Structure formats: C-alpha cells, structure tokens
Amino acid sequence: MTPQTDPQAGAAVKAADRAHVFHSWSAQELIDPLPVAGAEGSYFWDYDGNRYLDFTSGLVFTNIGYQHPKVVAAIQEQAATLTTFAPAFAVEARSEAARLIAQRTPGDLDKIFFTNGGADAVEHAVRMARIHTGRPKVLSAYRSYHGGTQQAVNITGDPRRWPSDSGAAGVVHFWAPFLYRSRFYAETEQQECERALEHLETTIAFEGPGTIAAIILETIPGTAGIMVPPRGYLAGVRDLCDKYGIVFVLDEVMAGFGRTGEWFAADLFEVTPDLMTFAKGVNSGYVPLGGVAISGKIAETFGKRAYPGGLTYSGHPLACAAAVATLQVMAEEGVVANAAVVGAQVIEPGLRDLAERHPSVGDVRGVGMFWALELVKNRETREPLVPYNAAGEANAPMAAFGAAAKANGLWPFINMNRTHVVPPCNITEAEAKEGLAALDAALSVADEYTA
Ligand code: PLP
C-alpha cells in the first residue's frame, strides 16, 4: 500500500485524540502524538505523506512487521467462524496456540495460562509462585520493567514508575549485572557476574530464604536498556533458586518470540525457568495476548486444587488465531534465523562502526534484533547525554537526535539517553542498512552535544 496524502483527515484524527484519548505514561497536555494513516511490513506512514522505517517494532511487538497478510487473513477467518468464546471451553484456536507455544518453550514449560498482555502475565506468575511455595516475597532487579498494573509496576525496578498510591508490599529489589555501569566495581564480565550472584545470595540470606516465593528477571532487561547478562549469571540464579526452593520466573514479554535470534532468550543462556511470561511477539501484537508458560511441578500444585485467578478474555479466539498464524509464519519464513543472521551480519557490525565514528556513542550492546546505543556527553566519564535539564524540561540533545532520525525517514526508539534498535525480526538486509544510514545522520547531531 502506498501512503495517501490527506492532511485534513490527519488533523481530524489528531483533534479527536487530543480531545478524548488519555495516553499512557504521559502528561496529557505536553504530548504531540503523530496521526498514523497506515503501516505495512517494516514501515508506517502519516497523513502528510511521510513514511518511516520503524526501528521500534511499535513497542517491541511487531516481530513479523505490520499487516502480515497471513495473520490478517487468520484473524478475519476466525472472526467469521467463532469471534469469541468463554475461557472455560475448549476452543480450537486456543488449544492450537497453546500447543504451538508449548512446543517452542524450553524444558517442561508445557501448560499455558493465557492473559491479555504482559503485566497480567507477571501478576499471575507471581500469584502462582506464592501459592506454590506458601511464601510471600518476590525478588526483582533494579533496572527492570515488568508492566503497569499494581503488582507488576511495583515489581518493576524503576522508581520513576512506582505509583504514589501504593507501596511495594512483599517486593525486594536487588542489583543484576550491568558492567557498563557496574554497582560492583567490576572490571570484567566474569567479576560482574560473580559479584552479582554473591549480592543476590546475600540478599536472599538477609531476607530469609523461607520467605521468598520467587525471583523474577527479564532474561535480557529490555526497557531499562537491553543489558545482556554475562554468561553464567542466569544459570547461577537458577542454582540459587534450586538451593533455596525459590520459584524462578523469567519474563520474556519483550525478549521472547525471535527477538534475540532464538525462539526465547532463555535458549541463548540454556536456562529453563519454572515459569515464563510472554506477550507482544507471540502474535506480533495484532490482537492483545500474553500468558504464563508453566512447568510440570507448578502445574501439579493446581492439579486437584483450583487456581484462584482468571480473566474473561483468557485465550480469546481472535488473539489465539493470530498467535497460531504468527507462529506458523515465523517457522515458514525463517523469522528467528533472520533475526540472528541480519543481527549478526548487518546490525551489530553497523552499530559498532557507528560507535567508532560517533563520540556520542558510549556503549553498544545487544543480540539479534535487540540492541541499545547508550549516548553520552563524554566517553571517558560515561556521563549520560542528559535526558532532562536541571529544570526537568524536555531533553534537548535526545530530542534533536530523534528529530534528525525522523527527518531521515527513521522512527527511533528513545528512552532516557538511549536509542534502542529493535526493528521487526523479519527486517531485510536492505532495510537494516537504510536504518543504520539514518542513525548515522542522527548521531552526527547528537555528537554536537558531546564535550
Ligand atoms: N514485562 C516486560 C519485560 C515488558 O517489556 C513489558 C512491556 O513492555 C511488560 C512486562 C508489560 O507488558 P504489557 O504492556 O503488555 O502489560
């Protein structure tokens, strides 16, 4: 589809949005949402004839791009056959989606509890762990994001997200490894890993192992900066969970379904959690869907005892039909391998080259289609290219970087002083190169703010 220019229609969409839509995580009077006219594959466009290469995959969910015809057709077919049905019944789209997901999840994570998205998957995983162990506390990492609902947002390790209307009852945060900004004064990945594991075990000891239901980690923390953990860390956490009878929950809402060049990021590290949350890429975000993949031992807890939780739309047929089609497309079109190959052969060398040439790039990290560039004022001091000025006003350097990317036809993902490179997992080499060229131009603007 080619973009049609219709500024009047765009203005009407925007006017209605501004009058009535209350946006997530925003000061309602300070935002300026772009009216979107359409999208296809790796691109979307506005009503003014501007087309953008989407290096954000929406919110890191369009793992097979926009409007994949097979998934659109599967949703249409499901709508024509059985649009909706209550969760207590066995429905083909739901059973088939669960079967296909269980086939891909590691180890014996073979039972699937469907939710509407990622946050409620986290809520339910934590509830399952608490009931399974009979213990109250949850340990989660600073620099993490686990969702916006009450429990999930408190589990999230980012004080800027904590709501002022609640405390984080039963949640204890700890530091996970992140060498670039080490809390452990480590100089090597191995030191960082050892010290982070030692810190976690000390935290467990002081909290009391008998009080801890679960340790929850994003396999690769995404929103907080795509911090690939050192080899051995997740295996070490698995060992600690086994040692103290703690349920290990991996949150793969962002990292799952091909994003890292594996079906799940857990596969990269050869670890199997007891519970694994997912959402986003499971059906490329075409219809809201998330879930918890449950291991045999936790499923057993709820064999003869009712699980006290559920959702009206758990396993909604439209969302599940979209998941079945997405998983088939991913297998048929080699989407996971594409993320690995284009990631390793185009994105990674491209980003490393940009880092060499642009003084504003302090760190490059990631894997597959899951990358972050951390922008700094000064590479030696690692001082971030400040997200806000002293008055808390909008971030001039990052705003200038973003505007330059957009002027070059690229829609960038910007969070604090970072840009995340998270395009669809089926992006072509040519598209990846086009995006890198636009980033190159935008970084030249960011360079002007370095000292
Ligand atoms: N967990 C992780 C790792 C996420 O990245 C997100 C969203 O970005 C969530 C949970 C929450 O998912 P949702 O926004 O679908 O509730």
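Suppose we keep only residues that are within 16 Å of the ligand (Cβ to nearest atom) and part of a helix (DSSP H, G or I) within the range 51-100. Which one would you say is nearest to the chain's Cα centre (by Cα)? Filtering first and then ranking leaves VAL60. A Cβ distance below 6 Å, combined with a sequence gap of six or more or placement on separate chains, defines the contacts here; from the range 116-128, residues that are more than 6 Å from the ligand (Cβ to nearest atom) reach residues that are hydroxyl-bearing (Ser, Thr, Tyr) in the pairs ASN116/TYR313; ALA121/THR115; ALA121/THR277; GLU123/THR149; ALA125/THR277. Meeting the requirement of 2 or more residues that are crowded, with 22+ Cβ neighbours inside 10 Å, among the aliphatic types (A, V, I, L, M) and in contact (Cβ under 8 Å) with a residue 60 or more places away in the chain, the strands (runs of 3 or more DSSP E) wholly within the range 334-433 are 361-367, 370-378. Looking at ASP120, is it in a loop (DSSP other than H, G, I, E, B) and either closer than 30 Å to THR272 by Cβ or out of contact with any Pro (no Cβ under 8 Å at 6 or more places or on another chain) (or both)? It is false that ASP120 is in a loop (DSSP other than H, G, I, E, B) and either closer than 30 Å to THR272 by Cβ or out of contact with any Pro (no Cβ under 8 Å at 6 or more places or on another chain) (or both). Hey, can you tell me all the residues within the range 130-152 that are within 7 Å of the ligand (Cβ to nearest atom) and either within 20 Å of ARG238 (Cβ to Cβ) or assigned to a helix (DSSP H, G or I) (or both)? Scanning the range 130-152 gives HIS146, ALA152. Within the range 262-291, restricting attention to residues that are in a strand (DSSP E or B) and within 12 Å of the ligand (Cβ to nearest atom), the residue that is nearest to the chain's Cα centre (by Cα) is PHE278. All conditions but one from (1) more than 19 Å from ALA279 (Cα to Cα); (2) crowded, with 17+ Cβ neighbours inside 10 Å; (3) β-branched (Val, Ile, Thr) apply to ILE112; the one that does not is (1). Here the range 1-33 is the region considered, the condition is being part of a helix (DSSP H, G or I) and touching an Asp or Glu at 6+ places or on another chain (Cβ under 8 Å), and the residue that is surrounded by the most Cβ atoms within 10 Å (Cβ to Cβ) is GLY10.
Results for (1) assigned to a helix (DSSP H, G or I); (2) surrounded by fewer than 20 Cβ atoms within 10 Å (Cβ to Cβ); (3) within 23 Å of the chain's Cα centre (by Cα), shown as yes or no for each residue.
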| position | (1), (2), (3) |
| --- | --- |
| PRO177 | no, no, yes |
| ARG183 | no, yes, no |
| ALA186 | no, yes, no |
| GLN191 | yes, yes, no |
| PHE206 | yes, yes, no |
| ILE216 | no, no, yes |
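Within the range 238-261, the residues that satisfy the criterion of being under 18 Å from HIS173 (Cα atoms), crowded, with 24+ Cβ neighbours inside 10 Å and within 16 Å of the ligand (Cβ to nearest atom) are VAL249, LEU250, ASP251. Among the residues of the range 26-62, just one is of a type in the set (S, T, N, Q), closer than 18 Å to GLN4 by Cα and in contact with a Pro (Cβ under 7 Å, 6 or more places away or on another chain), namely SER42. Of the residues ALA169, ALA213, which is in contact (Cβ under 8 Å) with a residue 60 or more places away in the chain and more than 27 Å from GLY362 (Cβ to Cβ)? Of the residues listed, the single one that is in contact (Cβ under 8 Å) with a residue 60 or more places away in the chain and more than 27 Å from GLY362 (Cβ to Cβ) is ALA213.
Read-outs throughout are calculated quantities, based only on the coordinates presented, and are distinct from any laboratory measurement. All figures in this text were calculated on a predicted structure; none of them were measured in a lab. When we count neighbours, we look across all protein chains shown, and the Cβ atoms used for this are built from the backbone with ideal geometry, even at glycine.
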